[in-house]
Structure formats: C-alpha cells, structure tokens
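Engineer: The structure's right below; bear with me while I get my questions together.
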Amino acid sequence: MPLYEPNTRFSDCWSSVGDITFFHRDGKCFWKTKPVCVFPGTAGQLDQGDLHRRALAAWRTVEHSDQEVWNDYAKSVTSHRPPFDSSSHITGHNLFVSAYHGFAQLGDEHIPVPTKFQEFPVFVAKYSGVEEFSPDSGIIKFRVEMPDCQETTIYRLLTKLQFTEPGKGRRPGYLRNFIASENCTSSDCIVKIQVGNFRQQWEIEGESFQVHCRYLLLDSRTGYRSQYKSISFLIEL
C-alpha cells in the first residue's frame, strides 16, 4: 500500500480517480490500484446492485425543481467521507439515493419526497442476549438506549453482522444486513434481530461464536440513516 506524498497542488486525496483508489488509515493517505474482479457477486450483492440501479433510475424521473430542493436540503448534511471537518457536504442526488435505500431496507421501497435532514439522537445499542437460539438459527436481542429522545417510535435498528470463531477479527466484506422486526418503543428498549441460518451463512461450527456488529438507526419517516457504530460480543450456546 504505497503512501501518498502531499505536494504543492494536492495536500490530500480521497475517493477514486481512474483505476486508482485513495484511502486513509491512522491519519495517513494511501493509494492502491483497483482489482479486476471476475466474480459476479453473491445473490445478495446482485440484489443490492439492482436496488441501487433502481434508485439511480428513480432520481432521473424526479422533476428538476424537486432535484433543486434535494440539493438545497443536502447542503446542511455533512459528508461521511474525508475531510471530516464539516467543510464538505453531500449532493441532493446522494441524499435522495440514501433515502431510497433506507425505505427499501424498511420494506417500503418508493420514490421519496424532499425532506430536511434532522440530526439523530444520541444512542447506543448493547448486546442483551439471545432468544429461541438453536445451532442453526435464532434471535439476537439488543438493548437500544436513547436517553434524550422523545420520538422513539420513528427509529428502527439496522445491524450489519458477521459471525466468526471466538477471537477472530471482523472482515468488512463478510458483514450482512439484518433489521429489527419493529421500531424502538421507548428511550430504553429491547429490539430483536432474526439472524437465520448463521452457520451456513458464515461457514462456522462450534458452540461459541464471536459476533462483530456495525449498527445504525433508520428514520422510518424519511429513510435517512445515522452514522454507524461498532461492537463485538460473544455468544455461547
């Protein structure tokens, strides 16, 4: 991973240009060439690709006047990419596609209307136990705490999970999306995540499992998503 050396024209780089991708690690900028992938993708990846293409096609059907409203609303939304100093923001196209994806994850895929982005409440999700857990499937319970939130019923917990053998680290490409069956009902509540056949999904055995989790909140009114947080925990059957 070659280190990018700042110069008089460009002090920093991110994203991709041609077949080069810039990325940051420990505050330093590196670059790498994009791999040539011949793997068509898993069924889930192909479904996500189709969803994204539908979102892009939906944006092209939006009236120009509404696109301008989306652009105006996006000016107050901080980008999740560097620089992380609140000096940059996303576009209306980004905001629209994010909302489209959010509604799809809520099981309500449709063309969203322009809506101002509202900051999400301070929240944390903690592993709370399992329910009806068998060697091949089950439900993970999370305790969601939003101490200063008054409108809890509009938020749904979305998790990105990976099961591994105990002690093994997370591999981002192996995370899979799982969404809570219902919205949060209070500022301190238990929500349930159905994980299905996790042994087959991650090809693991044994009676103890390390679970790596990235989680966020979905706003069921707007489809917008919060910044994600990360936790890891151990399940023993």
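Engineer: Can you tell me which of Cys29, Cys13 is outside the structural domain of Arg225 (by TED's automatic domain parsing), in a loop (DSSP other than H, G, I, E, B), among the hydrophobic types (A, V, I, L, M, F, W, C) and in contact with a Phe, Trp or Tyr (Cβ under 7 Å, 6 or more places away or on another chain)? If you could, list the steps in order and put the result at the bottom.
Structural biologist: Working: Cys29 fails: in a loop (DSSP other than H, G, I, E, B).
Residue meeting the stated conditions: Cys13.
Engineer: Could you say whether any residue in the range 136-147 is part of a strand (DSSP E or B), basic (Lys, Arg) and more than 30 Å from Val113 (Cα to Cα)?
Structural biologist: yes
Matching residues to (1) more than 30 Å from Phe120 (Cα to Cα); (2) modelled with pLDDT under 80; (3) out of contact with any Pro (no Cβ under 9 Å at 6 or more places or on another chain):
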| position | (1), (2), (3) |
| --- | --- |
| Phe22 | no, no, yes |
| Thr33 | yes, no, yes |
| Cys37 | yes, yes, yes |
| His52 | no, no, yes |
| Asp72 | no, no, no |
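Engineer: Taking only pairs six or more apart or across chains, which ones have beta-carbon atoms under 6 Å, a first residue in the range 154-173 that is on the phi > 0 side of the Ramachandran plot, and a second residue that is surrounded by 11 or more Cβ atoms within 10 Å (Cβ to Cβ) and part of a strand (DSSP E or B)?
Structural biologist: none
Engineer: I'd like the residue in the range 54-70 that is touching a residue at least 12 places away in the same chain (Cβ under 8 Å) and among the polar types (S, T, N, Q) and, out of all such residues, is farthest from Phe120 (Cα to Cα).
Structural biologist: Of the residues in the range 54-70, the ones touching a residue at least 12 places away in the same chain (Cβ under 8 Å) are 54-56, 58-59, 61-62, 66-70.
Retained after the next criterion (residues that are among the polar types (S, T, N, Q)): 61, 67.
On the way: Thr61: 29, Gln67: 24 Å.
Once the filter is applied, the top-ranked residue is Thr61.
Engineer: Which residue out of Glu182, Glu119 is closer than 16 Å to Gln227 by Cα, of a type in the set (D, E, K, R), at pLDDT below 95 and assigned to a loop (DSSP other than H, G, I, E, B)?
Structural biologist: When all the criteria are applied, what remains is Glu119.
Engineer: Which of the residues belonging to the range 123-158 are touching a Leu at 6+ places or on another chain (Cβ under 8 Å) and within 18 Å of Tyr228 (Cα to Cα)?
Structural biologist: Of everything in the range 123-158, those that are touching a Leu at 6+ places or on another chain (Cβ under 8 Å) and within 18 Å of Tyr228 (Cα to Cα) turn out to be Phe123, Ala125, Phe142, Val144, Tyr155, Arg156, Leu157, Leu158.
Engineer: I would also like to ask the following. State which residue is farthest from Phe103 (Cα to Cα) when the search covers only the range 190-237 and only residues that are hydroxyl-bearing (Ser, Thr, Tyr) and surrounded by 15 or more Cβ atoms within 10 Å (Cβ to Cβ).
Structural biologist: Tyr215
Engineer: Here is a follow-up. Tally the residues that are under 17 Å from Val124 (Cβ atoms) and out of contact with any helix residue (DSSP H, G or I) (no Cβ under 8 Å at 6 or more places or on another chain), restricting the search to the range 193-228.
Structural biologist: Adding up the residues that qualify gives 11.
Engineer: Another question, then. In the range 36-56, which residue that is hydrophobic (A, V, I, L, M, F, W, C) and loosely packed, with under 10 Cβ neighbours inside 10 Å is nearest to Ile20 (Cα to Cα)?
Structural biologist: Restricting attention to the range 36-56, the residues satisfying the condition of being hydrophobic (A, V, I, L, M, F, W, C) are 36-39, 43, 46, 51, 55-56.
Then drop every residue that is not loosely packed, with under 10 Cβ neighbours inside 10 Å, which leaves 36-39, 43.
On the way: Val36: 12, Cys37: 15, Val38: 18, Phe39: 20, Ala43: 27 Å.
Here the residue is Val36.
The values are calculated or read from the model by the stated rules, or taken from the named source; none is laboratory data. Model, not experiment: these values are computed from the prediction. Cβ: placed from backbone, ideal geometry, glycine included. Neighbour counts: every protein chain shown.
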